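The values are calculated or read from the model by the stated rules, or taken from the named source; none is laboratory data. Source: prediction; values computed, not measured. Every residue, glycine as well, gets a Cβ built from its backbone with ideal geometry; the counts of neighbours run over all protein chains shown.
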Amino acid sequence: MTDAIHTKVLIIGSGPAGYTAGVYASRAMLAPVLVQGIEPGGQLTTTTEVENWPGDTEVQGPDLMVRMEAHAKAMGCEIIGDIVQDLDTTKRPFTAKGDSGRTYTADAVILATGARAKWLGLASEEKFKGFGVSACATCDGFFYRGQEIAVIGGGNTAVEEALFLTNFASKVTLVHRRDELRAEKILQDRLMKNPKIEPLWFHQLEEVLGEDTPLGVSGIRVKHTKTGEMQDIPCKGVFIAIGHAPANELIKGELELHNGGYVKVKLGSTETSIPGIFAAGDLTDHVYRQAVTSAGMGCMAALDAERFLAENAEK
């Protein structure tokens, strides 16, 4: 393994934004290097049916990401399985350090680190993580065949998780703070028509209940948001589906952020507050958060990087 790699364009992250940036940067003959990160393929590797990717009536999320990775490779993008732990943005060339011990230097950087699942922050939630508490139905739903489970949340993530879990569970209780879902209407319709799903309105999770020997979930304690009344619901699994937060640890305190931690980019661009650093996908998109918009931003970032490099080429 080479301990140091220099590239014109370093792409950090490997979801739709990262891989699309790899395709476009390769086509621009920039010989980009893409470092995949902790979750190669991003969030789509933990979903199932994707029905809104243009050209595919239905495609499995992991399959789509395999295809996108192969496309980027075929165009000439070098893809490396590593995790960038540190990024020095103070001078060009920018320097990144990988978990592998490798050092990457780059004339331009495209950040496509995406977003990660949010947690509620309850002590009992932390205690039972991996032992009945999860944030990924496609990862862990199989373990709850014939069991009663609960999903916490009311947006697209929660409804998609609840619908998927009906493939395994005998009953899914959807716990939501209000009496109206934020999910897309087509998903709401599917949820309401599914006999295995029972919405529990105006409730919030207060505590995950369980046993210590062996460690495992036995139920949840929820509180009515209007009356304060407590209620215990038996279940074997709890899926926290309250959305995602941008994975901004690498550049927190370095780049300008807004709207709860998303990287701020210039209007109609992927340029960040530091020239030569570009951001694309869920790391910067707090509005749309779709695979297709992430891919579009990956394209923009590669074109922006190409223009930046051309304008800043050494004379």
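A few points about this structure:
- Taking the conditions (1) more than 30 Å from GLY296 (Cα to Cα); (2) modelled with pLDDT under 90; (3) of a type in the set (Ser, Thr, Tyr) in turn, THR138 satisfies each one other than (1).
- The stretch 1-31: number of residues that are crowded, with 24+ Cβ neighbours inside 10 Å and at positive phi: 1
- The sole residue among VAL66, VAL35, VAL84 that is within 15 Å of ALA295 (Cα to Cα), out of contact with any helix residue (DSSP H, G or I) (no Cβ under 8 Å at 6 or more places or on another chain), touching a residue at least 12 places away in the same chain (Cβ under 8 Å) and not charged (D, E, K, R) is VAL66.
- Filtered by the rule that a residue be touching a helix residue (DSSP H, G or I) at 6+ places or on another chain (Cβ under 9 Å) and either free of Cβ contacts under 8 Å to residues at least 24 places away in the same chain or over 14 Å from GLY216 (Cβ atoms) (or both), the stretch 136-149 gives CYS136, ALA137, THR138, CYS139, GLY141.
- Every residue from the stretch 47-61 that is in contact with a Leu (Cβ under 8 Å, 6 or more places away or on another chain) and buried (at least 16 other Cβ atoms within 10 Å of the Cβ): VAL50, TRP53, GLY61
- ASP99 being loosely packed, with under 15 Cβ neighbours inside 10 Å and either assigned by TED's automatic domain parsing to the domain that holds VAL292 or more than 22 Å from the chain's Cα centre (by Cα) (or both): yes
- Those residues of the stretch 102-116 which are surrounded by fewer than 22 Cβ atoms within 10 Å (Cβ to Cβ) and touching a Gly at 6+ places or on another chain (Cβ under 8 Å), in sequence order: ASP107
- Within the stretch 183-197, residues that are within 21 Å of ILE242 (Cβ to Cβ) and in contact (Cβ under 8 Å) with a residue 12 or more places away in the chain sit with their Cβ atoms under 8 Å from residues that are among the charged types (D, E, K, R) and in a helix (DSSP H, G or I), at 6+ positions apart or across chains, in these pairs: ALA183/GLU160; LEU187/GLU160.
- Those residues of the stretch 69-84 which are farther than 18 Å from GLU39 by Cβ and either part of a strand (DSSP E or B) or outside the structural domain of VAL9 (by TED's automatic domain parsing) (or both), in sequence order: GLU78
- Note on the stretch 219-310: enclosed strands (runs of 3 or more DSSP E) holding 1 or more residues that are more than 22 Å from the chain's Cα centre (by Cα) are 230-234.
- A single member of VAL9, VAL50 is in contact (Cβ under 8 Å) with a residue 60 or more places away in the chain, farther than 21 Å from GLU160 by Cβ and β-branched (Val, Ile, Thr), and it is VAL9.
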